[in-house]
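Q: First the structure, which I've put down as structure tokens, then a few questions once you've had a look.
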Amino acid sequence: MAVRIVSAAVGIVIAAVVLFFHNTIVLNIALGLITTGMVYEVLKAGKCENMPIAFIPSLLYAFLLPFWAATKFSFLITFLYVICIFGGMLLKHKTVSLEKIFFILAVSVLITNAMSTLIIIHKSDPTNGLIYLIMGLCGAWLADSGAYFVGTFMGKNKLCPEISPKKTIEGLIGGILITGFLFILISFIYTKIMEGYYDTKVRANYFSVFILGMLMAVIGTLGDLSASVVKRKFGIKDYGNIMPGHGGFMDRFDSVVFTAPFMFVFTTVIDIFY
């Protein structure tokens with residue numbers, strides 16, 4: 001438990017530093033490294049590192065796209081990556097495994113584009129981009145923490161014991177409600193900070209914020225369970241050990257792969273701050 005707490009504290013400090021420099025290239029570098037780590041861990045779990053013609057370009061793609069995600073070049077980079085993968089397949093067509101090629105392609109495109117959505121969220125609104133980014137991350141982690149807390153004290157009915165034995169239905173419901181209310185609290189604090197320190201009038205649509213928080217909890221849980229299924233299929237406990245007691249990059253950000261794109265879609269359709 002002590003190791004887990006220390007790892008979490010270090011992670012929070014690093015996250016705070018990155019967010020402090022959110023308007024610099026630091027955010028892109030951090031997201032590029034995290035995304036590369038996530039892709040590496042999943043491809044390693046799938047024993048794909050013995051296919052350098054696809055493995056290496058995938059890691060480069062995962063690192064580079066966050067630098068161009070909010071520009072018109074993002075599609076070009078993805079297109080060049082796909083061409084590179086299929087070009088390598090043609091060169092090694094006699095020995096290449098089609099199953100692994102398409103697994104590598106799917107994993108890399110999905111994770112990289114989903115994580116790069118955080119950059120798009122941040123750039124989409126000059127005023128509220130940072131809080132959107134924070135909520136996109138918190139939507140996953142608050143739900144997990146809330147579900148763990150409620151499940152520990154009230155959990156009786158297992159949610160899906162074969163996939164994640166510790167998750168309970170009571171924990172899921174508690175996590176959904178807690179995330180909704182915490183999103184309201186975060187939004188309230190944010191509006192007061194903007195008014196008090198930046199002399200900028202920002203109001204929150206608290207009903208939409210509450211709905212957003214609950215939906216993020218549900219979608220984040222779906223992402224967490226999906227990643228757990230992959231781990232079960234590969235027979236591993238954690239994707240990595242970059243954070244002792246917490247696992248690897250993918251273990252920490254698996255829910256974000258689902259919540260970040262949803263956050264972007266929701267805030268594009270509905271103005272939660274105005």
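Q: How big is the dipole moment of the chain about its Cα centre under a simple scheme where the beta carbon of each Lys and Arg is +1, that of each Asp and Glu is -1, and everything else is neutral? Debye, nearest 20, please.
A: On the way: 20 positive and 14 negative charges, 117 e Å.
For this selection, approximately 560 debye.
Q: What do you get for Rg/Rh over the chain if you use C-alpha atoms and the Kirkwood form of Rh?
A: A ratio of 0.99.
Q: At a threshold of 8 angstrom on Cα-Cα distance, excluding pairs fewer than six apart, so keeping six or more, what relative contact order does the chain reach in percent? Kindly include the intermediate steps, with their values, before the conclusion.
A: Numbers: 366 pairs, mean separation 58.1, N = 274.
Once divided by the residue count of the chain, the mean separation gives 21 percent.
Q: Need one number: nm distance between label points at residue 154 and residue 188, each 7 Å from Cα along Cα→Cβ, rounded to one decimal.
A: For residue 154 paired with residue 188, the spin-label model returns 2.0 nm.
Q: Do any trypsin sites (Lys or Arg not before Pro) in segment 1-51 lie in a DSSP loop with no more than 16 other beta carbon atoms within 10 Å, and if so, which? Intermediate values should be presented prior to the final figure.
A: Working: sites: 4, 44, 47; in loops: 47.
Within segment 1-51, the qualifying trypsin sites (Lys or Arg not before Pro) (loop, at most 16 other Cβ atoms within 10 Å) are 47.
Q: Relative contact order for segment 1-124: what is it in percent, counting Cα pairs under 8 Å that are at least 6 residues apart?
A: 30
Q: Another one. Starting from the Cα of residue 60, step 7 Å along the direction of its Cβ; do the same at residue 271; then give the gap between the two resulting points in nm.
A: My value for the distance between the label points is 4.4 nm.
Q: Using a Cα-Cα cut-off of under 21 Å, which lysines could be cross-linked to residue 92, ignoring same-chain neighbours fewer than 8 residues away?
A: Leaving aside lysines fewer than 8 places away in the same chain, those within reach of residue 92 are 44, 47, 100.
Q: A further question follows. Divide by every residue of the chain the summed helix terms, -39500 (n - 2.57) for each DSSP H run of at least 4, and state the resulting mean residue ellipticity at 222 nm, rounded to the nearest 500 deg cm²/dmol.
A: -26000 deg cm²/dmol
Q: With the chain treated as a Gaussian network of Cα nodes joined by springs under 10 Å, which of 26, 13, 202 yields the largest mean-square fluctuation?
A: 13
Q: A follow-up question, please. Fewest Cβ neighbours within 10 Å first, please rank 119, 25, 101 accordingly.
A: Taking fewest neighbouring Cβ atoms as first place, the list is 25, 101, 119.
Q: Also: Where is the GNM fluctuation largest for the chain (alpha-carbon springs, 10 angstrom cutoff): 204, 143, 114?
A: Result: 204 has the largest fluctuation of those listed.
Q: Summarise the long-distance tail of P(r) for segment 127-274 by giving the % of C-alpha pairs beyond 18 Å.
A: The share of Cα pairs beyond 18 Å in segment 127-274 comes to 59 percent.
Q: A follow-up question, please. Can you give the charge dipole size of segment 1-124 about its Cα centre, rounded to the nearest 20 debye, using +1 on the beta carbon of Lys and Arg and -1 on the beta carbon of Asp and Glu?
A: The dipole magnitude comes to about 120 debye.
Q: Working out 0.36 nm times the residue gap between residue 237 and residue 203, then minus their Cα-Cα distance, what length gain in nm do you get to one decimal? Please list the in-between numbers first.
A: Values: separation 34, 0.36 × 34 = 12.24 nm, distance 4.38 nm.
Once the chain is fully extended between residue 237 and residue 203, it gains 7.9 nm.
Q: Sticking with this one: Among 181, 219, 160, pick out the residue whose Cα is farthest towards the positive end of the charge dipole of segment 127-274, where Lys and Arg carry +1 and Asp and Glu carry -1 on C-beta, about the Cα centre.
A: 160
Q: Give a quick list of trypsin sites (Lys or Arg not before Pro) in segment 217-274 that DSSP marks as loop, anything other than H, G, I, E or B, with at most 15 other Cβ atoms within 10 Å. Before the final figure, lay out each step's value.
A: On the way: sites: 231, 232, 233, 237, 252; in loops: 237.
Passing sites in segment 217-274 are 237.
Q: Gain in length, residue 50 to residue 86, computed as 0.36 nm per residue apart minus the alpha-carbon separation, to one decimal in nm?
A: 11.3 nm
Q: Which of the trypsin sites (Lys or Arg not before Pro) found in segment 155-229 are in a DSSP loop and have at most 16 neighbouring Cβ atoms, other than their own, within 10 Å?
A: Passing sites in segment 155-229 are 156, 201, 203.
Q: Let me ask you something else. For segment 127-274, what is the number of Lys pairs with C-alpha distance below 30 angstrom, counting only pairs 8 or more positions apart or on separate chains?
A: The result is 17.
Q: Mind running the shape call on segment 1-124? Use the C-alpha gyration tensor, a ≥ b ≥ c as the square roots of the eigenvalues: rounded below 1.5 for a/c, prolate if a/b tops b/c, oblate otherwise.
A: Cα axes put segment 1-124 in the oblate bin.
No lab work stands behind these numbers, since they all come straight from the coordinates. Predicted, not measured: the structure shown is a model, and the values here were computed from it. Neighbour counts are summed over all protein chains in view; Cβ atoms, including those assigned to glycine, are modelled from backbone coordinates with ideal geometry.
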